[in-house]
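Take a look at the structure below.
All of the numbers you see were taken from the coordinates with simple rules; none came from a lab. These numbers come from a predicted model, not from an experiment. Glycine gets a Cβ as well: all are built from the backbone with ideal geometry, and neighbour counts include every protein chain shown.
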Amino acid sequence: ETGVTQTPRHLVMGMTNKKSLKCEQHLGHNAMYWYKQSAKKPLELMFVYSLEERVENNSVPSRFSPECPNSSHLFLHLHTLQPEDSALYLCASSQILAVNSYEQYFGPGTRLTVT
Amino acid sequence: TQLLEQSPQFLSIQEGENLTVYCNSSSVFSSLQWYRQEPGEGPVLLVTVVTGGEVKKLKRLTFQFGDARKDSSLHITAAQPGDTGLYLCAAGGHAGNNRKLIWGLGTSLAVNP
């Protein structure tokens, strides 16, 4: 595997279900991100982990819970979601403190539908 | 308040035509990136510009960063159907934050054969 991978690619879940999204980066980066992409909105940053420590949480509802066990893996645990949470969830990674530390590399995303 | 304004929002052209899309802001940024996103996929980084007035070329794509580092343009020469996608600009270094990118809404480009 190369780059950033995400599983599953598609997920349909009921409002009472619990599921997890998985992201793995093979780039040797030290920061990972979760974004939400909805129609007619800019990419919304949800969580940032730098050196495995959560450094930013942009007021995301508690029904979304991130986990970063090491610098290569990132999870997003989902529970009791709402229909408005349906969106494309993107994982990205970057190398903090590098010359081009703003450059982020994205996975293909998980298309989430909440019914 | 949308910090990055992209225009046009939608663009549909014929194969072989030239086009320019824009990314504008009233804020100064340390760097600006362009990404292309195809349906059902994540954004793919095309280029990063960091110096005011900088011009970078990637095959038929020409990227320019404004002198004041507040805006950027992407020009495509002789567009091909493979150029179809959502072009996103993202800027870093706003308010001293070295982790967070500010994103535009994107320009959706369709190149018809």
If one computes the Cα centroid of the range B:54-74 and of the range A:1-67, what distance in Å separates the two points? 30
Which of the cysteines in chain A are isolated, no other cysteine C-beta under 4.7 Å? A:CYS68
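So how much slack lies between B:VAL28 and B:GLU15, counting 0.36 nm per residue of separation and subtracting their Cα-Cα distance, in nm? Could the numbers behind the result be given before it?
On the way: separation 13, 0.36 × 13 = 4.68 nm, distance 3.49 nm.
Length gained, B:VAL28 through B:GLU15: 1.2 nm.
Fewest Cβ neighbours within 10 Å first, please rank A:MET32, A:MET15 accordingly. Please list the in-between numbers first.
Values: A:MET32 25, A:MET15 13.
The most exposed by this proxy come first: A:MET15, A:MET32.
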Dipole of chain A [Lys/Arg +1, Asp/Glu -1 at C-beta], most positive-end residue of A:THR7, A:TYR102, A:ALA31: A:THR7
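Suppose we take every Cα in chain B and form the convex hull; what volume per residue is that in Å³? Show your work: numbers first, answer last.
Details: hull volume 10.7 nm³, N = 113.
So the per-residue hull volume is 94 Å³.
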Relative contact order of the range B:6-94: what whole-number percent is it, with Cα pairs under 8 angstrom and at least 6 residues apart? 38
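Using 22 Å as the Cα-Cα cut-off, could you pick out the over-long pairs in A:LYS18/A:LYS41; A:LYS36/B:LYS100; A:LYS41/B:LYS100?
Details: A:LYS18/A:LYS41 26 Å; A:LYS36/B:LYS100 14 Å; A:LYS41/B:LYS100 17 Å.
Correct reply: A:LYS18/A:LYS41.
Defining a contact as two alpha carbons under 8 Å apart and six or more residues distant in sequence, what relative contact order in percent does the range A:8-115 show?
On the way: 246 pairs, mean separation 39.4, N = 108.
Once divided by the residue count of the range A:8-115, the mean separation gives 37 percent.
Compute, for the protein assembly as shown, the length of the dipole vector about the Cα centre, with Cβ point charges of +1 (Lys, Arg) and -1 (Asp, Glu) only. Units Debye, rounded to 20.
Working: 19 positive and 19 negative charges, 45 e Å.
In total the dipole reaches around 220 debye.
May I ask for the equivalent-ellipsoid semi-axes of the range A:51-104, computed as the square root of five times each C-alpha gyration tensor eigenvalue and listed largest first in whole Å?
Values: eigenvalues 121, 34, 21 Å².
Semi-axes (√(5λ), whole Å): 25, 13, 10.
Computed from the mean reciprocal separation of all distinct C-alpha pairs, what Kirkwood hydrodynamic radius does the protein assembly as shown have, in Å?
Numbers: mean 1/r = 0.0550 Å⁻¹.
Averaging 1/r across every pair of different Cα atoms and inverting gives 18.2 Å.
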Computed over the Cα atoms of chain A, the Rg and Dmax in Å are 13.5, 44
Cα-centre dipole for the range A:1-113 with unit charges at Cβ (Lys and Arg positive, Asp and Glu negative), debye to 20: 460
Assertion target for B:THR48, B:THR62, ordered by fewest C-beta neighbours within 10 angstrom first, is B:THR62, B:THR48
Below 23 Å, Cα to Cα, which lysines can B:LYS57 reach? Residues fewer than 8 away in the same chain don't count. B:LYS70
What's the extension gain from A:LEU51 to A:HIS79 if we count 0.36 nm per residue and subtract their Cα-Cα distance? 7.5 nm
